[in-house]
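Enquirer: Just dropping this structure here.
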Amino acid sequence: MTYLVTGATGGLGGYALHYLKELVPASEIVALVRDERKATALKDQGIEVRVGDYGDPASLKQAFAGVDRLLFISGVPGDRQAQHTNVVNAAKEAGVSFIAYTSFANATNVDNMLSVDHQFTEQLIERSGLDYTLLRNNWYLENETPLLKAALHSGELDFAAGDATVGWALKREYGEAAARVLSGKQHNAQIVELSGNAVTYTQLAEALSQAAGKTIVARALDDEEFVKALGEQGLPAEAAQGILGIQQLIKAGDLEVESKDFEEVLGKPLTPLAEALKEVLGL
């Protein structure tokens, strides 16, 4: 059996490879990278490295040759639909039998700036005729790092998402879940909603207080106030607008998912939120 992980030098791909090595022999693992120069450490671990780019169908078909099971980590926003089409078509042409794809929480029931490409890709995979599992990832706790660090400094966790909840978990936990699904050592549904406990920003502030050993108060702001606060913290205007877009997505309820799939895939509880915050912030 041969297992290939795309985005192998990225954060999520790196975690997936780390955990996959605990489940299958390194000699059966292939890492797909765009820049082979960044993959020296993978080669040192006995992992075969192949070069391929989502924008280059020929490179993908060559890289996928002989691969049985594929972890398809979604590309960056931009030309994703064309690039994802290349990946799925190349996998089918190369004879890949199974795809695990990192999608978006509750993808078919939401409509936002992130979900459209994932909806497209899910449909593409479903029509491909290949066996698959759609890994509907909620939100990395690491994504909140700018807000969390600012809160440690000011004592206030600024947010504009109202009372909506998020299913935060650590990126490494998403990586471990992906590795377990890719390994095929357990049966998984075609769709798994990988969401942590539903938590509000007010509850996140409480967990941060516990992690930091000092009081952190959640401060609810409107959109304009939120962007202004981020600017005062030193974030560039473009970055502030991007974070606001995510806050609006959350406020709309797009990350409100109640599911036990994550813990079932991992076979254990997720890291408690306060402990996860310590890990993210180095506390």
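Enquirer: Within the set of pairs 6+ apart or on separate chains, which have a first residue in the range 11-25 that is more than 14 Å from residue 172 (Cα to Cα), a second that is open to solvent by less than 50 Å² (accessible area, probe 1.4 Å) and assigned to a helix (DSSP H, G or I), and C-beta atoms under 6 Å apart?
Expert: Listed pairs, sorted by first residue: 23/183; 24/183.
Enquirer: Tell me which residues, restricted to the range 62-84, are open to solvent by less than 60 Å² (accessible area, probe 1.4 Å) and more than 30 Å from residue 258 (Cα to Cα).
Expert: Of everything in the range 62-84, those that are open to solvent by less than 60 Å² (accessible area, probe 1.4 Å) and more than 30 Å from residue 258 (Cα to Cα) turn out to be 63, 64, 65, 66, 67, 68, 82, 83.
Let's see how each residue does on (1) farther than 21 Å from residue 75 by Cα; (2) touching a Leu at 6+ places or on another chain (Cβ under 8 Å); (3) in contact (Cβ under 8 Å) with a residue 60 or more places away in the chain; (4) open to solvent by less than 10 Å² (accessible area, probe 1.4 Å):
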site: 120; (1), (2), (3), (4): no, no, no, no
site: 123; (1), (2), (3), (4): no, no, no, no
site: 129; (1), (2), (3), (4): yes, no, no, no
site: 157; (1), (2), (3), (4): yes, yes, yes, yes
site: 181; (1), (2), (3), (4): no, yes, yes, yes
site: 184; (1), (2), (3), (4): yes, no, yes, no
site: 192; (1), (2), (3), (4): no, yes, yes, yes
site: 196; (1), (2), (3), (4): yes, yes, yes, yes
site: 199; (1), (2), (3), (4): yes, yes, yes, no
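Enquirer: Follow-up question, since we're still on this one. So, in the range 160-214, how many residues would count as being of a type outside the set (Lys, Arg) and part of a loop (DSSP other than H, G, I, E, B)?
Expert: Result for the range 160-214: 20.
Enquirer: List every residue pair whose Cβ atoms sit under 7 Å apart, with the two residues 6 or more apart in sequence or on different chains, where the first one lies in the range 217-236 and is under 18 Å from residue 252 (Cβ atoms) and the second, anywhere, is open to solvent by 80 Å² or more (accessible area, probe 1.4 Å).
Expert: 227/241
Enquirer: Also, I was wondering about something else. So which helices (runs of 4 or more DSSP H) are wholly in the range 16-101 and hold at least 1 residues that are closer than 15 Å to residue 128 by Cβ?
Expert: Result: 57-63, 80-94.
Enquirer: Residue 163 is checked against (1) open to solvent by 10 Å² or more (accessible area, probe 1.4 Å); (2) touching a residue at least 40 places away in the same chain (Cβ under 8 Å) and fails just one. What number does that condition carry?
Expert: It fails just one condition, (2).
Enquirer: Of the conditions (1) at pLDDT 95 or above; (2) open to solvent by less than 40 Å² (accessible area, probe 1.4 Å); (3) aliphatic (A, V, I, L, M), residue 8 clears all except one; give me its number.
Expert: (1) is the only condition that residue 8 fails.
Enquirer: Moving on to the next point. Quick check: anything in the range 259-267 of a type in the set (A, V, I, L, M) and under 19 Å from residue 103 (Cβ atoms)?
Expert: yes
Enquirer: Now for a different question. Got a number for residues in the range 235-269 being in contact with a helix residue (DSSP H, G or I) (Cβ under 8 Å, 6 or more places away or on another chain), outside any helix (DSSP H, G or I) and open to solvent by 30 Å² or more (accessible area, probe 1.4 Å)?
Expert: 3
Enquirer: Further, regarding this structure: Quick check on my filter: what residues within the range 28-47 are open to solvent by 30 Å² or more (accessible area, probe 1.4 Å) and at pLDDT 95 or above?
Expert: 28
Enquirer: Which of the residues spanning the range 215-225 are surrounded by 15 or more Cβ atoms within 10 Å (Cβ to Cβ) and in a helix (DSSP H, G or I)?
Expert: Passing the criteria: none in range.
The values are calculated or read from the model by the stated rules, or taken from the named source; none is laboratory data. Every value quoted in this text rests on a predicted model; they were computed, and no experiment measured them. FYI the Cβ positions are ideal-geometry reconstructions off the backbone, even for glycines, and counts take in every protein chain you see. When the accessible area is computed, the model is the full protein with side chains, heavy atoms only, and any ligands, DNA or RNA have been set aside. Shrake-Rupley method; radii C 1.70, N 1.55, O 1.52, S 1.80 Å.
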